[in-house]
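Report on the following structure.
The values are calculated or read from the model by the stated rules, or taken from the named source; none is laboratory data. Bear in mind the structure is a predicted one, so any value in this text is a computation, not a measurement. Cβ atoms come from the backbone with ideal geometry, glycine included; neighbour counts cover every protein chain shown.
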Amino acid sequence: MDVLNFGCKVMGKKHNGTTIFDFIALFFDYSLVFSLFVSIFAQNQTNIISMKKQFTKTLATLLLGITVVGNAVASEKIDRRKVVTRHNPHVTHLDSLSSLTVGNGRFAFTVDATGLQTFPQEYSLGVPLGTMSEWGWHSFPNTNGYESKVALSNHDFHRGHPEYYSLQIKQPERTRKAFDYLRANPHRLHLGTIGLDLSDASKMNDIDQHLDLWTGKIDSKFTYDKQTYHIETVCDPGLDCIATNITSDGNIGVVFCFAYPTGGHCDDACRWDTDKLHNTTLKSEKNSAVITRTIDNTLYYIYVSWKGNAEIIQTGRNKILLKSKGKNLSFSALFQSNSDKFGISEKSGITTKIPQIPDYTLCAKASSERWYSYWTEGGFIDLGNVKDKRAVELERRIILSQYLMGAQEAGNIPPQETGLTYNSWFGKFHLEMTWWHLVHYGLWNKSELLDRQISWYASAEGKAREIARRQGFKGVRWMKMTDPSAEEAPSNVGSFLIWQQPHLIYLAELTYRAAKSDEERTKVLEKYGKLVDETALFMCDFAEYDSANDRYILRGCIPAQETLKADSTVNPPFELSYWLTALDMAQKWRIRRGLTPMKDAQMVMDKLSPLAFNADSMYLAAESATDTYSNIRMTSDHPALLGALGMMPDNKLLDKTIMSNTLRWIWGNWNWDKTWGWDYPMTAMTCARLGEADMAIDALLMPKRTNTYLINGHNYQDQRLRVYMPGNGGLLTAVAMMCAGWDGCETSTPGFPKDWDVRWEGLLPMP
């Protein structure tokens, strides 16, 4: 563009930035000028030669710029800040579902309408006021010596070898208790609440709270008992540290309260009635202090520093008060573990000596810089020119989902369903959900955030290999529900799932595709090559040869639609399609690494079963599920069969006409009240690949409870799961694909109706 503008200036022309033809015309004008120069200086051969060289160089530059200009002038650059900030959440009343979060992707701090965590009990059944870090885990003392092997049971699928699965065994009683313990431990820890010293939420009025998405700052104003408060809250991008600036014409007191963990399946992880089971100590200096937390064998610290005339005192066994003597208090709180057990925290430098902590000004500046980079790098979508009124809501969901991902799911381990807000499934993460949590990073050109999290798989390889070995298979079998230690949680459902198996291959492929240079691509191949091979090795071994029909089948598993049973399920369609897609990727990876393709993989790919369908030309939930369309159990939970051509590319196993018939039946008849947040983007992607752009939009905005997005952007499911991050990640994945398309797609913005003026940049196509 600089070359073009300069050329226009030289020629006395005005560049309107519309078409490439103007650029070409400029070149010809330039050549005429050169001819004039030649005639003027014809007598000076040296000058002519020199000018020819310069002209040739300039011509090459101009021609090189044609492609750039052709892409750049198609539309003006998106004003990203304008798009982002028009969706800043605005809270005007105390609402347990409207809490807001600051975070850096590894650590998050969720606040109520005060800008701190003043009223945690009022929010416990809404979007809870969590303080969570990826290193914050706790286990109850294992006084009975429960071992994971006690949950192992041989499940005979008649494959000629024992298969030991980690299951929920109810008898005898010791085994049942062992199961309960192993499933609940370790659990994610709530690190502590930090709130104003106010006791009665009903006295709050005039609430005016904003989250500035562009800078990551929450600005909260309100009155309490006729006294005004103004609170600014930010999170440091590099440290597990929050910083707050408080101004008030009333009393300013900040309370640090600590609870004992519940170990509950799905809750805020705070038990307030067991003060004696844990301990908090305080050591203070001038304008700083260290709080030491001891919970059974878990130890961590909160370093506090402040500006202003204030004192800090311990007012209870697990309660600390920071009280200002003036009308302003600025403080920072840094959370830090003394353990590097999971390889996600630094042990060095952990002492009771109070370190230098960035103050509010520094934290706010760092936060602003981090979020500026986050918003300006990678892909972006602008729906501001779309006339369809629904576009406003869709764009809101997109922007807020991006923020939530950056605040809660940009760490070093796979996320849990509820991010760093509160616990679900004890705070453990589910590897089948990594597709929905992480794929979007690859498509939105943020591969460093994708690579950061799938790096964890290397640390889990040993445990995954042991699972495969004890079940009689080669390679590695990735677990379903786990924690940073990669220990498999026992489950009568999760242990039989298989659709998490190809994820490592798919995610590694996205990382490779998003790499910016050959050097980066080589590093990706070196980093994940072995894991890709070992993952594919299990997939080949798990696929069973059916000699009667000369084909490979998938059985002895529970598919993504978890209403089907492991003992009777044969050939679920999504898993078949994924098997073929991932094995093909694995073969390409071997070629890229200079290795011979796997013979076993090729045999499976050549003879993998096609997707089964009924007499009405609609795909079955499994080849064995002949009652797919007559049994309500079969039409509940995930309509996963759509994922065979939504999440996955077109392939030889499926027929688009049959998939189109299937889509239309599911659309009108599925039990949508029993679905989950990621089912809607999955459906949208299937619609897009079938050329049904209008249906894709309708799917993303389908008015169902599990497709609800709160004021803070969280995907609400039900009273248990008020936060569901796979829905947010799925939305981002779907809209990226609807913009940038997929390999071989020749349609511009294929997932959006033609009358939608969608502007996007920096997105990558799906496989």
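Figures for the structure shown
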quantity: Some residue of the range 357-370 being among the hydrophobic types (A, V, I, L, M, F, W, C), in the same structural domain as residue 760 (by TED's automatic domain parsing) and in contact with a Ser or Thr (Cβ under 7 Å, 6 or more places away or on another chain); calculated: no
quantity: Selection within the range 656-706 - in a loop (DSSP other than H, G, I, E, B), more than 22 Å from residue 726 (Cα to Cα), out of contact with any Pro (no Cβ under 8 Å at 6 or more places or on another chain) and not charged (D, E, K, R); calculated: 690
quantity: Filter result for the condition that a residue is buried (at least 23 other Cβ atoms within 10 Å of the Cβ) and closer than 29 Å to residue 559 by Cα, over 401, 459, 455; calculated: 401
quantity: Single residue of the range 598-646 satisfying the filter (part of a loop (DSSP other than H, G, I, E, B) and charged (D, E, K, R)) that is nearest to residue 550 (Cα to Cα); calculated: 623
quantity: Per-region count, the range 177-221, residues aromatic (Phe, Trp, Tyr) and either more than 33 Å from the chain's Cα centre (by Cα) or outside the structural domain of residue 293 (by TED's automatic domain parsing) (or both); calculated: 2
quantity: Hits in the range 667-696 - residues which are β-branched (Val, Ile, Thr) and buried (at least 24 other Cβ atoms within 10 Å of the Cβ); calculated: 683, 686
quantity: Any pair with Cβ under 6 angstrom, 6 or more apart, that starts in the range 241-259 at a residue that is under 13 Å from residue 305 (Cα atoms) and ends at one that is at pLDDT 95 or above and surrounded by fewer than 21 Cβ atoms within 10 Å (Cβ to Cβ); calculated: 245/232; 245/330
quantity: Checking residue 486 against (1) hydrophobic (A, V, I, L, M, F, W, C); (2) buried (at least 22 other Cβ atoms within 10 Å of the Cβ); (3) at positive phi, the condition it does not meet; calculated: (2)
quantity: Condition check for residue 290: in a strand (DSSP E or B), among the hydrophobic types (A, V, I, L, M, F, W, C) and in contact with a Ser or Thr (Cβ under 6 Å, 6 or more places away or on another chain); calculated: yes
quantity: Yes/no for residue 233 being under 28 Å from the mean Cα position of the chain (by Cα), more than 16 Å from residue 140 (Cα to Cα) and not acidic (Asp, Glu); calculated: yes
quantity: Candidates 268, 273, 225, 236, filtered to the one that is touching a helix residue (DSSP H, G or I) at 6+ places or on another chain (Cβ under 8 Å) and free of Cβ contacts under 8 Å to residues at least 40 places away in the same chain; calculated: 225
quantity: Matching residues in the range 508-520 - criterion: being in contact with a helix residue (DSSP H, G or I) (Cβ under 6 Å, 6 or more places away or on another chain) and within 15 Å of residue 588 (Cβ to Cβ); calculated: 508, 509, 510, 511, 512, 515
quantity: Residue in the range 590-597 that is farther than 26 Å from residue 699 by Cβ, part of a loop (DSSP other than H, G, I, E, B) and touching a residue at least 60 places away in the same chain (Cβ under 8 Å) present; calculated: yes
quantity: Residue match in the range 562-573 (condition: in a loop (DSSP other than H, G, I, E, B) and within 25 Å of the chain's Cα centre (by Cα)); calculated: yes
quantity: Residues of the range 437-477 satisfying the condition of being more than 27 Å from residue 405 (Cβ to Cβ) and assigned to a loop (DSSP other than H, G, I, E, B); calculated: 471, 472, 473, 474, 475, 476, 477
quantity: Options 376, 434: the member that is buried (at least 23 other Cβ atoms within 10 Å of the Cβ) and not assigned by TED's automatic domain parsing to the domain that holds residue 331; calculated: 434
quantity: Some residue of the range 748-762 being under 29 Å from residue 633 (Cα atoms) and buried (at least 20 other Cβ atoms within 10 Å of the Cβ); calculated: no
quantity: Looking only at the range 248-304, and only at residues there that are modelled with pLDDT of 95 or more and of a type in the set (Lys, Arg), the one that is farthest from residue 722 (Cα to Cα); calculated: 283
quantity: Qualifying positions in the range 631-659 - among the polar types (S, T, N, Q) and either within 22 Å of residue 765 (Cα to Cα) or under 22 Å from the mean Cα position of the chain (by Cα) (or both); calculated: 651
quantity: So residue 141, is it in a loop (DSSP other than H, G, I, E, B), surrounded by fewer than 18 Cβ atoms within 10 Å (Cβ to Cβ) and modelled with pLDDT of 95 or more; calculated: yes
quantity: Filtered residues of the range 283-310 (kept if surrounded by fewer than 16 Cβ atoms within 10 Å (Cβ to Cβ) and of a type outside the set (D, E, K, R)); calculated: 292, 294, 297, 299, 309
quantity: Index of the failed condition, residue 613 passing every other in (1) surrounded by fewer than 22 Cβ atoms within 10 Å (Cβ to Cβ); (2) farther than 20 Å from residue 652 by Cβ; (3) in contact with a strand residue (DSSP E or B) (Cβ under 7 Å, 6 or more places away or on another chain); calculated: (2)
quantity: Residue within the range 103-110 that is in the same structural domain as residue 219 (by TED's automatic domain parsing) and charged (D, E, K, R) present; calculated: yes
quantity: All strands (runs of 3 or more DSSP E) inside the range 166-260 with 3 or more residues being hydrophobic (A, V, I, L, M, F, W, C) and over 14 Å from residue 101 (Cα atoms); calculated: 253-257
quantity: Positions within the range 508-562 being more than 18 Å from residue 158 (Cα to Cα), small (Gly, Ala, Ser) and buried (at least 19 other Cβ atoms within 10 Å of the Cβ), in sequence order; calculated: 508, 514, 536, 560
